[in-house]
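Contents: one structure, followed by commentary.
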Amino acid sequence: MQHYSLDESALQKQIHVSKFLLIYTLILFTARYLSSYHAGRLRHHSVLYELTWLCNSTLVVGCLSFGGWKDNWLHRRRPLAATACGVAVSIDQIMWYVDALAWVVSGTFPIGVMKYLTWKQTLWIDRLTCTHHLWTIPLFIYGSGTALTWDSFKLSVYVVTIQVLLSRWLTPLIIRRETTNNGDDWKEKGNIEDPRYYRYLNVNLAHELWQDITFPFLQISKDNPEGWVYLFRLLWRWQVFNALVFIGILHPLSMIIT
């Protein structure tokens, strides 16, 4: 496959990309984890959950896939896996560009994927370590050393599906700490905005549409559907939007960058 037919300079480029991803991911995890000493035990749990967001796990896959740390099955260089993860997060990160540009121009988030950065429960370290939403795709395309093919999109379908299903199974919608014997006390006195008492997770949108997204045609959970109905609605839309982004943006961009 052309993902592997690269000259020595291209291989060195992938190694540099892998090392950068390793350093950035370690900084991201360490900084967020250490912040739990200030924000409390609830923050400790939320950091671990949030590292399973697809945009975060993509950094890990990219590091391993571009690095080729050892010549064995597990650590072998697999740029296709990295580009597939890049495609998997493409619709989300394109929406980040829209929100970021709109915020610079008008101070608003028309889509809402970035709005969580303004929540009172969002710590400053989270804001500093969210930049990868803006550079992951171009970096992965650059590191791949070749124009993206449909193989990347096909594999991304499995990546998205597996990540969403695992998140539905293993992660909660929210985590909270009760402050008294009254189970609803966490909702009072601003606790819902305090990271020590409450954290909205909804990792990979596995439980509901992200709460800041208000476009009517995207509302797939307002009628409180059964779990399998919601997941079906989410997954086919996610794949269709990714396909449109792949055809209209990613593939043409990869031909320019590489």
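Enumerate the pairs (first residue in segment 21-36 and in a helix (DSSP H, G or I); second residue anywhere and surrounded by fewer than 17 Cβ atoms within 10 Å (Cβ to Cβ) and of a type in the set (Ser, Thr, Tyr)) with beta-carbon separation below 9 Å, excluding pairs fewer than 6 apart on the same chain, so at least 6 apart or on different chains. Every condition considered, the pairs that remain are Tyr24/Thr131. Exactly one residue out of Leu205, Leu231 is at pLDDT 95 or above, within 30 Å of Tyr37 (Cβ to Cβ) and not β-branched (Val, Ile, Thr): that is Leu205. Which one is surrounded by the most Cβ atoms within 10 Å (Cβ to Cβ), of the residues in segment 138-155 that are closer than 18 Å to Gly248 by Cβ and not small (Gly, Ala, Ser)? Among those residues, the one meeting the criterion is Phe140.
Please indicate, with yes or no, whether at least one residue in segment 157-164 is over 17 Å from the mean Cα position of the chain (by Cα) and either part of a loop (DSSP other than H, G, I, E, B) or surrounded by 14 or more Cβ atoms within 10 Å (Cβ to Cβ) (or both). Taking every residue of segment 157-164 in turn, none turns out to be over 17 Å from the mean Cα position of the chain (by Cα) and either part of a loop (DSSP other than H, G, I, E, B) or surrounded by 14 or more Cβ atoms within 10 Å (Cβ to Cβ) (or both). Out of all the residues in segment 197-243, which are more than 20 Å from the chain's Cα centre (by Cα) and among the acidic types (Asp, Glu)? Those that are more than 20 Å from the chain's Cα centre (by Cα) and among the acidic types (Asp, Glu): Asp223, Glu226.
Of all residue pairs spaced 6 or more apart or on separate chains, those with beta-carbon atoms under 7 Å, a first member in segment 245-258 that is surrounded by 14 or more Cβ atoms within 10 Å (Cβ to Cβ) and a second member that is not in a helix (DSSP H, G or I) are Leu250/Leu148; His251/Ala147; His251/Leu148; Ser254/Ala147; Ser254/Leu148; Thr258/Gly145; Thr258/Thr146; Thr258/Ala147. Scanning segment 99-111 for residues that are part of a loop (DSSP other than H, G, I, E, B) and in contact (Cβ under 8 Å) with a residue 12 or more places away in the chain yields Phe109, Pro110, Ile111. Total residues in segment 54-98 satisfying the condition of being of a type outside the set (D, E, K, R), at pLDDT below 95 and assigned to a loop (DSSP other than H, G, I, E, B): the figure is 6. In segment 205-244, the residue that is surrounded by the fewest Cβ atoms within 10 Å (Cβ to Cβ) out of those that are assigned to a helix (DSSP H, G or I) and among the β-branched types (Val, Ile, Thr) is Val240. Considering segment 130-147, and only residues there that are part of a loop (DSSP other than H, G, I, E, B) and modelled with pLDDT of 95 or more, the residue that is farthest from Gln14 (Cα to Cα) turns out to be Cys130. Restricting segment 37-47 to residues that are touching a residue at least 12 places away in the same chain (Cβ under 8 Å) and closer than 27 Å to Val164 by Cβ, the residue that is surrounded by the fewest Cβ atoms within 10 Å (Cβ to Cβ) is His45. Please work out which one of (1) closer than 27 Å to Tyr33 by Cα; (2) buried (at least 16 other Cβ atoms within 10 Å of the Cβ); (3) touching a Gly at 6+ places or on another chain (Cβ under 9 Å); (4) of a type outside the set (Val, Ile, Thr) is the condition Cys130 fails and give its number. For Cys130, the failing item is (3).
The values are calculated or read from the model by the stated rules, or taken from the named source; none is laboratory data. The structure presented is a predicted model; accordingly, all values stated were derived computationally and were not measured. Virtual Cβ from ideal backbone geometry, glycine too; neighbours counted across all protein chains shown.
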